[in-house]
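**Student:** Before we start, here is the structure in question, set down as structure tokens.
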């Protein structure tokens, strides 16, 4: 399954209520977790040792929306100020496949950061962090 923005629904689930984002421009995921190899400086074998790196750092999901309503701003601001947990989701309308940042926190105050004449000035970047990023493929 390849997720396409024009075939997906985005939003958050907060206090048992879903809040859909009407206008989305992008979703970006930063995953610091890596599996790596290491071996001694003497190069004693060709296999090395396997270890994990970045597992103590959360995954970061950035959803850029356009034209945040006053109601949505109020909900997001409450979650941000209270440091409440919520689920940020992307669900395919084609087959129900999903990417969900479960039990995430909103990292930045939800606000318009650029003001100019172009349509980009309506962008609001919502940055979530979670240790529980779940991706489900249904086809």
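The values are calculated or read from the model by the stated rules, or taken from the named source; none is laboratory data. Only a predicted model underlies this, so the values are computations on that prediction, with no experimental measurement involved. Positions of Cβ are backbone-derived with ideal geometry, glycine not excepted, and every protein chain shown enters the neighbour counts.
**Student:** Looking at 52, 60, which one is surrounded by 13 or more Cβ atoms within 10 Å (Cβ to Cβ), outside any helix (DSSP H, G or I) and in contact with a strand residue (DSSP E or B) (Cβ under 8 Å, 6 or more places away or on another chain)?
**Tutor:** Result of the check over 52, 60: 60.
**Student:** So, one more: Take residue 108 and tell me if it is closer than 18 Å to residue 126 by Cα, surrounded by fewer than 18 Cβ atoms within 10 Å (Cβ to Cβ) and either touching a residue at least 24 places away in the same chain (Cβ under 8 Å) or out of contact with any strand residue (DSSP E or B) (no Cβ under 9 Å at 6 or more places or on another chain) (or both).
**Tutor:** For residue 108, the condition - closer than 18 Å to residue 126 by Cα, surrounded by fewer than 18 Cβ atoms within 10 Å (Cβ to Cβ) and either touching a residue at least 24 places away in the same chain (Cβ under 8 Å) or out of contact with any strand residue (DSSP E or B) (no Cβ under 9 Å at 6 or more places or on another chain) (or both) - is met.
**Student:** Another question about this same structure. Given the conditions (1) under 21 Å from residue 25 (Cβ atoms); (2) assigned to a loop (DSSP other than H, G, I, E, B); (3) within 19 Å of the chain's Cα centre (by Cα), report the number of the one that residue 116 does not fulfil.
**Tutor:** The number of the failed condition is (3).
**Student:** If residue 73 meets every condition in (1) farther than 18 Å from residue 31 by Cβ; (2) exposed (fewer than 13 other Cβ atoms within 10 Å of the Cβ); (3) in contact (Cβ under 8 Å) with a residue 12 or more places away in the chain apart from one, which number is that one?
**Tutor:** Of the numbered conditions (1) farther than 18 Å from residue 31 by Cβ; (2) exposed (fewer than 13 other Cβ atoms within 10 Å of the Cβ); (3) in contact (Cβ under 8 Å) with a residue 12 or more places away in the chain, the odd one out for residue 73 is (2).
**Student:** With the structure loaded, tell me whether residue 80 is closer than 21 Å to residue 137 by Cα and surrounded by 15 or more Cβ atoms within 10 Å (Cβ to Cβ) or whether it fails that test.
**Tutor:** So residue 80 does not fit the description; no.
**Student:** Also, I was wondering about something else. Only one of 88, 79 is assigned to a helix (DSSP H, G or I), within 17 Å of the chain's Cα centre (by Cα) and either in contact (Cβ under 8 Å) with a residue 24 or more places away in the chain or closer than 30 Å to residue 120 by Cβ (or both); which?
**Tutor:** Answer to the selection: 79.
**Student:** Considering only residues that are in a loop (DSSP other than H, G, I, E, B) and either under 9 Å from the mean Cα position of the chain (by Cα) or at pLDDT 95 or above (or both), which ones fall in the stretch 97-113?
**Tutor:** Of everything in the stretch 97-113, those that are in a loop (DSSP other than H, G, I, E, B) and either under 9 Å from the mean Cα position of the chain (by Cα) or at pLDDT 95 or above (or both) turn out to be 97, 107.
**Student:** Report, by residue number, each residue of the stretch 5-22 that is in a loop (DSSP other than H, G, I, E, B) and in contact (Cβ under 8 Å) with a residue 60 or more places away in the chain.
**Tutor:** Answer for the stretch 5-22, where residues must be in a loop (DSSP other than H, G, I, E, B) and in contact (Cβ under 8 Å) with a residue 60 or more places away in the chain: just 15.
**Student:** If you don't mind, another one. What is the one condition in (1) within 22 Å of residue 138 (Cβ to Cβ); (2) over 15 Å from the mean Cα position of the chain (by Cα) that residue 9 does not satisfy?
**Tutor:** (2)
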